[in-house]
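The structure appears right after this line, and notes come after that.
The values are calculated or read from the model by the stated rules, or taken from the named source; none is laboratory data. None of the values given here were measured: they were computed from a predicted structure. Ideal geometry is used to build each Cβ from the backbone, glycine not excepted, and the neighbour counts take in all protein chains shown. Heavy atoms of the whole protein, side chains included, go into the accessibility calculation; ligands, DNA and RNA do not. Shrake-Rupley method; radii C 1.70, N 1.55, O 1.52, S 1.80 Å.
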Amino acid sequence: MILKGLKRNAIKKSIEAHLQKRNASPSGISNLNTLAVLIDASQSVNILSLVKLANELGVKSDKLKVMGYKEEKDIEDDKDAAYYNDKSFAVNGSIKSKSLQDFINKDYDVLISFYPEDKMELNYVAAASKSKLKVGFAEVDNRINDLIIGSAVNNTNLFIKELKKYLKILQII
């Protein structure tokens, strides 16, 4: 229990450090080619709707990466998404999972934080991500995302419509 508390504190400090050094400028995206989606896998998220979202934004399915957080002890990646859990973090808050580290370090054009509530493990990955533009929901810490869309997670069609509207305004699509 003490180690879990130390880990949580280290992750919180790391989130704050990433937020302070973040450059919140979506410049540098001339065309949307790569898309990353961060999901809370404990919620029912339809992966096919995320593929549909990528297609509607003009992103090929091989340029879409989905990463999910599961609270379960045992996790396995599948063909649609990669997953991580509490064991993916060391006691000092560093990342032990190679697939999670690769996800964070890849320079995606847009990261969609597709989860409805603050969870420290999801916020850490979103804050640490090297993505040029970060999009998320209003219920999540608004310092993490550059673009906040005020729709419900279960209303995917409204989210897609709003996201497309704002990406057109920003001349990304």
**Message:** Heavy atoms only, 1.4 Å probe, whole protein assembly: order Glu117, Glu162, Glu71 by accessible area, highest first.
**Reply:** Glu71, Glu117, Glu162
**Request:** Would you calculate, for the chain, the mean residue ellipticity at 222 nm contributed by helices, counting each DSSP H stretch of 4 or more residues as -39,500 (n - 2.57) and dividing by all residues, to the nearest 500?
**Result:** -11000 deg cm²/dmol
**Complete:** Taking the dipole of region 91-144 about the Cα centre (Lys, Arg +1; Asp, Glu -1; charges at Cβ), the one of Tyr115, Val140, Gly93 that reaches farthest to the positive side is Gly93
**Asked** Where the accessible area of the chain is counted over protein heavy atoms with a 1.4 Å probe, how much of it, in %, is carbon and sulfur?
**Response** 48
**Prompt:** In the full protein assembly as shown, how much of Lys96 is accessible to a 1.4 Å probe, in Å² to the nearest 10?
**Reply:** 130
**Complete:** For Ile95, the accessible surface traced by a 1.4 Å probe with all protein chains present amounts, in square angstrom to the nearest 10, to 30
**Message:** How large are Rg and Dmax for the chain when calculated on the C-alpha trace, in angstrom?
**Reply:** 15.4, 48
**Fill in**
Magnitude of the Cβ-charge dipole (Lys and Arg +1, Asp and Glu -1) of the chain about the Cα centre, nearest 20 debye, reported as 520
**Prompt:** With every protein chain left in place, what is the accessible area per residue of region 1-148 in square angstrom, probe 1.4 Å?
**Reply:** 51
**Prompt:** Can you tell me the Rg and the Dmax, both Å, for the Cα atoms in region 101-173?
**Reply:** 12.0, 32
**Asked** When the solvent-accessible surface of protein heavy atoms is calculated with a 1.4 angstrom probe, in what order do Val59, Val91 fall, highest first?
**Response** Val91, Val59
**Message:** Using alpha carbons only, how many angstrom separate the centre of region 63-86 from the centre of region 106-139?
**Reply:** 15
**Prompt:** GNM on the chain, C-alpha springs below 10 Å: top fluctuator among Gly136, Gly68, Gly93?
**Reply:** Gly93
**Request:** Starting from the residue with the highest accessible area, list Asp74, Asp141 in decreasing order, probe 1.4 Å.
**Result:** Asp74, Asp141
**Fill in**
Mean separation of Cα contacts under 8 Å (at least 6 apart) over the residue count of the chain, i.e. the relative contact order in percent, is 25
**Request:** Any chance you could check the Cα centroid distance between region 36-51 and region 151-173 for me, in angstrom?
**Result:** 16
**Item:** Extension gain from Asn155 to Glu71, taking 0.36 nm per residue of separation minus the Cα-Cα distance
**Value:** 27.9 nm
